[in-house]
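Take a look at the structure below.
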Amino acid sequence: SFVDCPGHDVLMTTMLNGTAIMDAALLLVAANEPCPQPQTTEHLFAVEIMNLDKIVIIQNKIDLVSREQALEQHDQICEFLKTSNVDGPIVPTSGQFGVNINALLDFIVNYIEEPERNTGDKAKMIIIRSFDINKPGTGIAELQGGVIGGSLVSGLIRLGDRVEV
């Protein structure tokens, strides 16, 4: 599964919660901005704290800069990574034009191994967020429940299973 962790300051809590269920990370760097940006530093720090050893750095928006600028920023990314314990391939891409998307997918599939999950164990899920689907002021008899988001780390949950939260 994928957890989107936007770099905006107001969403930093969401990003930190998301790191609890990550097995790997994709660090997105915009080619048309200097590296590192403040949020890039924060995200890399979170990757280090969670001891994620599988990371792919995506240098996106290469269509917005010259070849020389992209290479210069590639060097900035390499220098930035030297300040951490994080190492991984840097894949230059253009999401807008689909440049190197197949190479990126190849890295994701072949570089980031799927963690072993024991489906025979009791179901265990790490919940990182929840949403109340009821309108404010809904009476007890009309409550419909909520939605949880997270990752099932062991076992299986089937339709009709009783789940305790």
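Restricting attention to the range 123-165, the residues being assigned to a loop (DSSP other than H, G, I, E, B) and either closer than 25 Å to ALA24 by Cβ or without any contact (Cβ under 8 Å) to a residue 24 or more places away in the chain (or both) number 19. Taken over the range 65-79, the criterion of being over 19 Å from the mean Cα position of the chain (by Cα) and either under 18 Å from MET22 (Cα atoms) or in a helix (DSSP H, G or I) (or both) is satisfied by ARG67, GLU68, GLN69, ALA70, LEU71, GLU72, GLN73, HIS74, ASP75, GLN76, CYS78, GLU79. Would it be correct to say that ASP75 is of a type in the set (Asp, Glu) and under 20 Å from GLN37 (Cβ atoms)? It is true that ASP75 is of a type in the set (Asp, Glu) and under 20 Å from GLN37 (Cβ atoms). The residues of the range 23-64 that are assigned to a helix (DSSP H, G or I) and in contact with a strand residue (DSSP E or B) (Cβ under 7 Å, 6 or more places away or on another chain), listed by number, are THR40, HIS43, LEU44, VAL47, ILE62, ASP63. Residues in the range 112-154 that are more than 29 Å from VAL56 (Cβ to Cβ) and of a type outside the set (D, E, K, R): 17 in all. Looking only at residues in the range 135-165 that are more than 18 Å from GLY120 (Cα to Cα) and among the aliphatic types (A, V, I, L, M), the one that is farthest from the chain's Cα centre (by Cα) is ALA141.
Could you please find all residues in the range 83-102 being of a type outside the set (S, T, N, Q), loosely packed, with under 13 Cβ neighbours inside 10 Å and within 21 Å of the chain's Cα centre (by Cα)?
Listed by number, the residues that qualify are ASP87, PRO89, GLY98.
Scanning the range 144-156 for residues that are in contact with a strand residue (DSSP E or B) (Cβ under 9 Å, 6 or more places away or on another chain) and surrounded by 11 or more Cβ atoms within 10 Å (Cβ to Cβ) turns up GLY146, ILE148, GLY149, GLY150, SER151, LEU152, VAL153, SER154, GLY155. State whether the residues of the range 88-105 include one that is of a type in the set (S, T, N, Q) and closer than 17 Å to ASP53 by Cα. Within the range 88-105, not a single residue is of a type in the set (S, T, N, Q) and closer than 17 Å to ASP53 by Cα.
Residues that are touching a residue at least 40 places away in the same chain (Cβ under 8 Å), touching a Leu at 6+ places or on another chain (Cβ under 8 Å) and polar (S, T, N, Q) are absent from the range 57-68 altogether. Just one of the listed residues (ILE77, ILE55) is modelled with pLDDT of 95 or more, among the β-branched types (Val, Ile, Thr) and crowded, with 17+ Cβ neighbours inside 10 Å, namely ILE77.
The values are calculated or read from the model by the stated rules, or taken from the named source; none is laboratory data. Source: prediction; values computed, not measured. Heads up, the Cβs are rebuilt from the backbone with ideal geometry, glycines too, and the neighbour counts pull from every protein chain shown.
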